[in-house]
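**Q** Structure provided below as structure tokens; questions to follow.
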Amino acid sequence: MENFRMNTGIKRRVLIVDDESINREILGEILKEKYETSFAENGKQALAMLQDRTVHYSLVLLDLLMPEMDGYELLEKLQMKEDFAVPPVIVMTADGSAEVRSIRLGAADFLTKPYDMPDVIKARCERIIELYEDQSLIRAAERDELSGLYSREFFYEYIRQIEDYAPDYRVDAITLNIEHFHMLNEMFGREVGDEVLRKTGEMLTECFRDRKICIGCRPIADVFYLCVDHAEEYDGVFAGLQEELARVTKIPRIRFRIGIYQDVDKSLSYETWFDHAKQACDLIRGDYTRQISYYNKETNEKDLYRERLINDMDSALKNKDFVVYFQPKYSILEDRPHLRSAEALIRWKHPELGMISPGDFIPLFESNGLIQKLDNYVWQEASAQIKKWKEEYGYSVPVSVNVSRIDIYDPELEEKLLALISENSLAPEELMLEITESAYSNNAQGLIETVNHLREDGFRIEMDDFGSGYSSLNMLTTIPIDVLKMDMKFIRNMQKDEKSKKLVELVIDIARFLDVPVVAEGVETEEQLQALKEMGCDIIQGYYFSKPVPPEEFGAFIRKELEEK
Ligand code: C2E
Ligand code: CA
Ligand code: CA
């Protein structure tokens with residue numbers, strides 16, 4: 001991955017689109033010291049220039065009112081383009097009311113005419129370009145370099161896009177697993193292992209070359225997922241794959257098994273499609289007579305398990321089998337860490353099934369809407385807990401709760417949250433709201449309106465799992481958020497190589513641009529903490545300080561904080 005941020009020698013090119021030559025001249029004059037400049041007199045000319053692949057534009061400055069093709073129309077056209085990379089656009093206007101419309105059309109920022117503040121203009125241009133490049137770098141890292149397939153998040157995002165585009169299309173979910181992969185790794189070395197994965201990715205894509213839809217990812221080490229258009233049978237599709245793999249890797253006994261969930265049920269979550277395929281695949285583990293196994297709904301245990309969880313939810317709520325745990329967040333920029341806040345995380349202590357991890361039931365409840373009930377319960381418990389701590393210690397620990405996508409579309413959301421804080425005599429800042437980044441990526445408009453209302457009420461919004469989703473640049477610069485929470489995967493990879501470390505810096509950069517504090521979660525070691533501190537990361541959450549604990553245990557953190565004060 002090229003890192004252009006380091007490459008300061010290259011002048012980036014800015015395209016200035018304005019029908020009035022005097023405006024083009026002024027802007028050209030302001031920018032020429034720092035940038036190469038190109039000019040267009042209307043949208044049509046600009047579009048033609050942008051489509052020319054031999055020139056790379058880092059930014060477009062766009063006037064709105066122009067003859068031939070105006071700024072709005074150009075924005076609209078650019079939104080539909082997928083065949084070339086569209087640079088960020090800053091709209092120039094004397095009319096404040098044009099902002100909303102241009103944001104909807106994807107503008108990243110605004111400049112107001114007349115241009116009497118050259119420094120402001122230069123600074124804006126610079127920051128938007130930087131921000132965009134940071135984001136592109138983060139995205140570029142979303143491919144699994146080894147197999148050339150997508151990462152899990154992006155894979156699901158692409159399926160979502162296909163679904164939006166062709167919801168009636170029938171597709172099959174396929175998973176492929178390499179048998180005894182860890183042994184291969186041990187016997188032949190990592191390099192050979194990597195080669196096996198690389199080849200498998202390559203050959204799998206090859207098998208489905210003539211399908212309309214074929215997207216793949218490698219969610220974990222030796223497992224591959226594919227989403228392809230539906231076929232009645234797969235005899236022969238993978239024929240030769242095994243022999244070929246044995247030949248190129250020179251490992252004669254290499255073997256893989258394949259699970260297929262055909263004609264997926266679109267009402268299930270994407271994760272569930274591949275869970276089904278995986279369950280089918282697991283059925284033939286160690287069975288050397290079969291290589292392909294088809295998912296069969298009737299005989300599926302995991303389905304029954306899910307069914308059970310769904311059925312048990314109501315009584316679990318009644319019996320208080322759901323317990324809210326709290327994980328502390330510490331600010332680390334001072335000499336010693338300070339307890340800053342906490343995150344509320346749900347646990348299910350099932351009387352018969354034992355402790356169930358949220359990973360098992362949250363996605364399930366998210367896929368069928370039940371999450372709303374559960375979240376409301378967690379918010380209630382968390383609010384009551386903040387109040388309790390205040391009474392017990394005279395100390396306020398703000399708690400953030402998770403807000404699922406579906407919650408945001410609850411017309412009573414605002415009312416419910418306001419009622420909660422008033423019942424518990426809390427200030428809205430004490431109950432913070434974490435919304436995952438991916439929630440921002442579709443139907444952003446509705447979400448933004450809701451979030452705006454909540455912020456007007458005084459609630460503070462944290463964007464959770466930042467870097468895993470798909471929010472566009474214009475959304476980032478225009479959505480109201482108060483805290484950025486970096487996705488855990490950045491921390492996990494941080495010490496692996498320089499590149500991954502760079503990504504963490506980019507995220508921190510973006511937070512700075514947005515002028516909000518950044519939280520790193522999943523921090524487990526002193527080393528990670530020090531590295532993050534050096535990079536200017538504000539807040540840390542992770543096992544380094546503590547796992548999520550029940551409220552009684554959390555009291556110890558408050559006492560310690562008070563002692564050290
Ligand atoms: P999340 O919101 O990203 O929460 C962070 C997860 O990371 C938690 O897992 C937490 O226990 C874990 N974690 C924290 N520090 C570390 C660390 O240092 N190392 C490692 N390996 N993990 C760490 P948990 O509690 O299992 O929750 C998983 C996910 O389930 C959450 O991810 C969230 O998306 C969802 N979830 C949990 N509780 C709720 C809830 O009340 N409502 C909703 N809607 N979702 C929830
Ligand atoms: Ca969270
Ligand atoms: Ca998170």
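The values are calculated or read from the model by the stated rules, or taken from the named source; none is laboratory data. Only a predicted model underlies this, so the values are computations on that prediction, with no experimental measurement involved. All Cβ positions, glycine included, derive from the backbone under ideal geometry; neighbour counts span all protein chains shown.
**Q** Any residue in the stretch 443-469 that is within 26 Å of ILE421 (Cα to Cα) and in a helix (DSSP H, G or I) sitting within a Cβ distance under 8 Å of a residue that is within 14 Å of ligand 2 (Cβ to nearest atom) and among the small types (Gly, Ala, Ser)? List the pairs, counting only those 6 or more apart or interchain.
**A** Correct list of pairs: LEU447/ALA439.
**Q** Within the stretch 410-426, which residues are not acidic (Asp, Glu) and not in a helix (DSSP H, G or I)? Reasoning before the result, please.
**A** Kept after step one, since they are not acidic (Asp, Glu), are these residues of the stretch 410-426: 411, 413, 416-422, 424-426.
Within the stretch 410-426, PRO411, ASN424, SER425, LEU426 meet the criteria.
**Q** Okay, next question. What's the number of the only condition in (1) surrounded by fewer than 19 Cβ atoms within 10 Å (Cβ to Cβ); (2) out of contact with any Gly (no Cβ under 7 Å at 6 or more places or on another chain) that SER400 fails to meet?
**A** The number of the failed condition is (1).
**Q** In this structure, does ILE103 turn out to be in a strand (DSSP E or B) and either of a type outside the set (S, T, N, Q) or in contact with a helix residue (DSSP H, G or I) (Cβ under 7 Å, 6 or more places away or on another chain) (or both)? Talk me through it step by step, then tell me what you get.
**A** Details: in a strand (DSSP E or B): no; either of a type outside the set (S, T, N, Q) or in contact with a helix residue (DSSP H, G or I) (Cβ under 7 Å, 6 or more places away or on another chain) (or both): yes.
Answer is no for this residue.
**Q** On to the next question. Write out, first by first residue and then by second, each pair whose Cβ atoms fall under 7 Å of each other, whose residues are 6+ apart or on separate chains, and whose first residue, in the stretch 172-191, is under 19 Å from TYR156 (Cβ atoms) while the second is crowded, with 18+ Cβ neighbours inside 10 Å and small (Gly, Ala, Ser).
**A** Listed by first residue and then by second, the contacts come to ALA173/ALA277; ILE174/ALA277; THR175/GLY259; THR175/ALA277.
**Q** Here's a follow-up. Working only within the stretch 313-346, note down all residues that are outside any strand (DSSP E or B), out of contact with any Pro (no Cβ under 9 Å at 6 or more places or on another chain) and without any contact (Cβ under 8 Å) to a residue 60 or more places away in the chain.
**A** ASP314, SER315, LYS318, LYS320, GLU334, ASP335
**Q** Taking the stretch 428-470, which residues are touching a helix residue (DSSP H, G or I) at 6+ places or on another chain (Cβ under 7 Å), among the hydroxyl-bearing types (Ser, Thr, Tyr) and within 16 Å of ligand 2 (Cβ to nearest atom)?
**A** Of everything in the stretch 428-470, those that are touching a helix residue (DSSP H, G or I) at 6+ places or on another chain (Cβ under 7 Å), among the hydroxyl-bearing types (Ser, Thr, Tyr) and within 16 Å of ligand 2 (Cβ to nearest atom) turn out to be TYR440, SER468.
**Q** I'm checking my understanding of the structure. Among residues of the stretch 1-29 that are farther than 16 Å from ILE129 by Cα, of a type in the set (A, V, I, L, M, F, W, C) and not in a strand (DSSP E or B), which one is modelled with the lowest pLDDT?
**A** MET1
**Q** Just to be sure I understand the filter: pairs with C-beta atoms under 9 Å, separated by 6 or more residues or on different chains, first member in the stretch 485-504 and part of a loop (DSSP other than H, G, I, E, B), second member of a type in the set (Ser, Thr, Tyr). Which pairs pass?
**A** So the pair list comes out as ASP487/SER468; MET494/SER500; GLN495/THR525.
**Q** Can you tell which of PHE326, PHE365 is within 18 Å of GLU381 (Cα to Cα) and buried (at least 20 other Cβ atoms within 10 Å of the Cβ)? Give the derivation first.
**A** On the way: PHE365 fails: within 18 Å of GLU381 (Cα to Cα).
Result of the check over PHE326, PHE365: PHE326.
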